[in-house]
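The structure under discussion appears below in the form of structure tokens.
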Ligand SMILES: NC(=O)c1ccc[n+]([C@@H]2O[C@H](COP(=O)([O-])OP(=O)(O)OC[C@H]3O[C@@H](n4cnc5c(N)ncnc54)[C@H](O)[C@@H]3O)[C@@H](O)[C@H]2O)c1
């Protein structure tokens, strides 16, 4: 397959909008869709004014206004799932519910061109499960982003036993073009989470135990971890920030 030129983003919530902006800044033609017009409108507005996207990059002097405008023009905000599916790469960013994701993958497999790559931004469901909902398992891959998607370099690329080498290389190249640092990890259907989230949740479990035992408050745990390990925020602030898109 030739190089990826067009990308569809399915789900324009906390993650999808930022992912669309990252790809557009890298030069891809992006079609971003959502079943909720309100979410689509909010994502479009975020691209124009948001702190952690194109507008914020201009405000911080990291992008000039013309580049940001060109990137914005490369994004089509569309109510049509079919339109987004007509892309070389489609990234699924719908809520973390397996039945919803499987249904999206089944539909994508029906509609998207046979050579299109289907990726999931799932936080932890098995990529093999999603690949199994399609007739193109070798063209299904995980591309797990971190929030805010436009800013964070994180790119956990999750491969199954049957993900093709060509697909993996194309997605790595795309992530690099977006300025990310792709790290390839193996799908493990026996666990929820890949690498970053398994370790993150282990840390949250222990932080919660410390609070439940009355050893320290949540605010104190946050302060201690920031001061000791130079984390940008403490464990409980991370939970809040990730859920809200750090707004
Ligand atoms: N929030 C984070 O920090 C974060 C980080 C990494 C990965 N993720 C993962 O990314 C995915 C999306 O998370 P989010 O926080 O952006 O969720 P979100 O709820 O903010 O956005 C999901 C969007 O998907 C839309 N949607 C639902 N069903 C749809 C369908 N069938 N077709 C098109 N759109 C549909 C919803 O209307 C909503 O706007 C989840 O799998 C989540 O686990 C989230």
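The values are calculated or read from the model by the stated rules, or taken from the named source; none is laboratory data. As the structure is a computational prediction, the values presented were derived from the model and not from experiment. Neighbour counts run over all protein chains shown; Cβ positions are idealised from the backbone, glycine included.
Scanning segment 86-100 for residues that are farther than 21 Å from residue 42 by Cα and more than 7 Å from the ligand (Cβ to nearest atom) yields 86, 87, 88, 89, 97, 98, 99. Only residues that are buried (at least 23 other Cβ atoms within 10 Å of the Cβ) and not in a loop (DSSP other than H, G, I, E, B) were counted across segment 108-120, and they come to 5. Residues that are crowded, with 17+ Cβ neighbours inside 10 Å and within 15 Å of the ligand (Cβ to nearest atom) were ranked within segment 25-41; the one that is nearest to residue 72 (Cα to Cα) is 30.
Conditions tested, residue by residue: (1) loosely packed, with under 15 Cβ neighbours inside 10 Å; (2) free of Cβ contacts under 8 Å to residues at least 12 places away in the same chain; (3) touching a strand residue (DSSP E or B) at 6+ places or on another chain (Cβ under 6 Å); (4) assigned by TED's automatic domain parsing to the domain that holds residue 124.
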{"position": "154", "(1), (2), (3), (4)": "no, no, no, yes"}
{"position": "168", "(1), (2), (3), (4)": "no, no, yes, yes"}
{"position": "171", "(1), (2), (3), (4)": "no, no, yes, yes"}
{"position": "182", "(1), (2), (3), (4)": "no, no, yes, yes"}
{"position": "206", "(1), (2), (3), (4)": "yes, yes, no, no"}
{"position": "210", "(1), (2), (3), (4)": "no, yes, no, no"}
{"position": "221", "(1), (2), (3), (4)": "no, no, no, no"}
{"position": "239", "(1), (2), (3), (4)": "no, no, no, no"}
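Among residues that are within 11 Å of the ligand (Cβ to nearest atom), crowded, with 16+ Cβ neighbours inside 10 Å and assigned to a helix (DSSP H, G or I), residue 105 is included. Only one of the listed residues (175, 131) is closer than 26 Å to residue 56 by Cα and crowded, with 19+ Cβ neighbours inside 10 Å. That residue is 175.
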